[in-house]
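Colleague: One structure, as structure tokens, below. Some questions next.
The values are calculated or read from the model by the stated rules, or taken from the named source; none is laboratory data. What you see is a predicted model, and the numbers here were worked out from it, not measured in a lab. Please note: Cβ atoms are built from the backbone with ideal geometry, for glycine as well, and neighbour counts cover all protein chains shown.
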Amino acid sequence: MLAVECIELTKDYRAGFWRPRPVRALDHLSLAVEQGEIFGLLGHNGAGKTTTLKLLLRLIFPTSGEARILGQPAGMMARQIGYLPENPYFYDYLRCRELVEYYAELANVPARERRRQVAWALDRVGMAGAAETSLRKCSKGMVQRVGLAQAIVHQPAVLFLDEPMSGLDPLGRRQVRDLILELKSRGATVVFSTHILSDAEQLCDRVAILQKGRLAGQGRLETLLAAEEDKVELVFAQAGPPQRRVVARAELWGQLDQLRAQGAVIHAVTPLRRSLEEIFLSPGAPPASGGQSAAAAAPAAAPVEARRR
Ligand SMILES: Nc1ncnc2c1ncn2[C@@H]1O[C@H](COP(=O)(O)OP(=O)(O)OP(=O)(O)O)[C@@H](O)[C@H]1O
Ligand SMILES: [Mg+2]
């Protein structure tokens with residue numbers, strides 16, 4: 001059974017007051033996340049990441065298509081799902097501990113386990129020392145941490161985190177990375193959105209790259225990144241500071257022979273990888289390899305306006 005599945009998921013919002021017109025936020029998105037995976041949803045601002053997560057939680061409804069979590073129609077399966085919204089906002093007059101306790105109760109954590117679970121969750125997000133601080137006195141990063149604590153307090157099987165590192169300092173980012181890895185080691189599935197590529201590189205088993213609501217690529221990061229392995233970087237020194245030279249793979253041996261003949265010392269020979277940033281920034285161009293492409297996942301979709309005519 002898949003942990004998360006989106007089948008041709010499409011969402012049109014209505015924008016404009018006097019003459020509302022549909023804006024296609026998500027266009028026939030098909031995704032499959034295996035149980036126990038850490039899955040990254042990557043994309044620019046407005047690419048459709050939050051829309052995808054909200055559709056999965058059934059906070060909004062699809063124009064067409066389907067979403068399933070653990071084989072069931074998507075929605076708030078309180079005990080099995082955890083969710084950190086993009087901009088968490090909580091009732092100001094509760095203390096952090098009270099808020100997390102409230103969410104634990106909503107998720108049906110038995111009363112006898114609640115106290116322990118809440119303490120665990122607050123500790124794991126680095127908020128044990130601020131458990132009795134009221135939320136109105138919390139900084140942005142502290143609210144984000146409390147948001148994470150409420151998402152994990154019931155130890156859900158599937159966790160959806162919308163930009164979990166946002167607003168966190170370097171220590172906080174590291175704590176969240178460690179937490180996500182810990183949850184995975186306990187068997188949880190984690191789906192998170194980000195535009196911070198290094199976070200995705202360090203954490204994700206697989207990613208989906210969204211561009212303007214369409215899937216531009218889905219697969220293992222190594223595969224997505226391996227597309228430019230035909231180039232090699234040489235670092236060598238020849239009676240002076242080390243130099244760097246990028247050569248085609250086919251020319252590598254010739255270059256090495258030449259450098260040896262010149263008495264150079266070779267420091268490193270490294271295959272060049274296509275960086276995630278290059279994939280990310282290439283406008284509209286799906287990655288050359290790495291699993292399913294947008295075209296394979298969905299038939300080319302006409303703009304909404306054109307379809308309505
Ligand atoms: N309630 C709404 N009404 C109208 N349009 C919306 C609404 N919510 C989102 N959109 C539009 O849908 C598209 C996708 O938005 P979404 O919030 O899913 O992007 P995102 O990938 O999460 O971006 P970000 O990285 O900025 O959080 C955008 O073009 C946005 O303007
Ligand atoms: Mg978003």
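Colleague: Identify all residues within the stretch 40-82 that are in contact with a Lys or Arg (Cβ under 6 Å, 6 or more places away or on another chain), more than 13 Å from ligand 2 (Cβ to nearest atom) and hydroxyl-bearing (S, T, Y); write none if there are none.
Modeller: T63 - this is the single residue of the stretch 40-82 that is in contact with a Lys or Arg (Cβ under 6 Å, 6 or more places away or on another chain), more than 13 Å from ligand 2 (Cβ to nearest atom) and hydroxyl-bearing (S, T, Y).
Colleague: Assuming F17 fulfils every condition listed in (1) in contact (Cβ under 8 Å) with a residue 24 or more places away in the chain; (2) assigned by TED's automatic domain parsing to the domain that holds A208 apart from one, which condition is it?
Modeller: Unmet condition: (1).
Colleague: Against the conditions (1) modelled with pLDDT of 85 or more; (2) under 28 Å from S64 (Cα atoms); (3) in contact with a His (Cβ under 8 Å, 6 or more places away or on another chain), where does K212 fall short? Just the number, please.
Modeller: Just one mismatch for K212, condition (3).
Table: residues versus (1) surrounded by 15 or more Cβ atoms within 10 Å (Cβ to Cβ); (2) away from ligand 1 (no atom under 12 Å from the Cβ); (3) modelled with pLDDT of 95 or more; (4) not polar (S, T, N, Q).
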site: L57; (1), (2), (3), (4): yes, yes, no, yes
site: S64; (1), (2), (3), (4): no, yes, yes, no
site: R68; (1), (2), (3), (4): yes, yes, no, yes
site: Q72; (1), (2), (3), (4): no, yes, no, no
site: P88; (1), (2), (3), (4): yes, yes, no, yes
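Colleague: Now for a different question. Among residues belonging to the stretch 29-47 that are in contact with a helix residue (DSSP H, G or I) (Cβ under 7 Å, 6 or more places away or on another chain) and not small (G, A, S), point out the one that is surrounded by the fewest Cβ atoms within 10 Å (Cβ to Cβ).
Modeller: Looking at the filtered set, the residue picked out is I38.
Colleague: Identify, from the list L161, L122, the residue that is in a helix (DSSP H, G or I) and in contact (Cβ under 8 Å) with a residue 24 or more places away in the chain.
Modeller: It is L122.
Colleague: Go through the stretch 94-118 and give me each residue that's of a type in the set (A, V, I, L, M) and touching a strand residue (DSSP E or B) at 6+ places or on another chain (Cβ under 9 Å).
Modeller: Across the stretch 94-118, the qualifying residues are L94, A107.
Colleague: Tell me which residues, restricted to the stretch 10-25, are touching a Ser or Thr at 6+ places or on another chain (Cβ under 9 Å) and away from ligand 2 (no atom under 12 Å from the Cβ).
Modeller: Answer for the stretch 10-25, where residues must be touching a Ser or Thr at 6+ places or on another chain (Cβ under 9 Å) and away from ligand 2 (no atom under 12 Å from the Cβ): T10, K11, D12, Y13, P22, R24.
Colleague: Select from the stretch 22-56 the residues that are among the aliphatic types (A, V, I, L, M), within 20 Å of M165 (Cβ to Cβ) and not in a helix (DSSP H, G or I) and list them in ascending order.
Modeller: Matches in the stretch 22-56: V33, I38, L41, L42, A47.
Colleague: Further question on the same structure: Name the residues in the stretch 17-45 that are modelled with pLDDT of 95 or more and polar (S, T, N, Q), would you?
Modeller: Within the stretch 17-45, S30, Q35 meet the criteria.
Colleague: Go through (1) away from ligand 2 (no atom under 16 Å from the Cβ); (2) at pLDDT below 90; (3) in the same structural domain as F39 (by TED's automatic domain parsing) for E182 and report which single condition fails.
Modeller: Here E182 clears every test but (2).
Colleague: Quick one: is Y93 of a type in the set (F, W, Y), outside the structural domain of R21 (by TED's automatic domain parsing) and in a helix (DSSP H, G or I)?
Modeller: When the stated conditions are applied, Y93 does not pass them.
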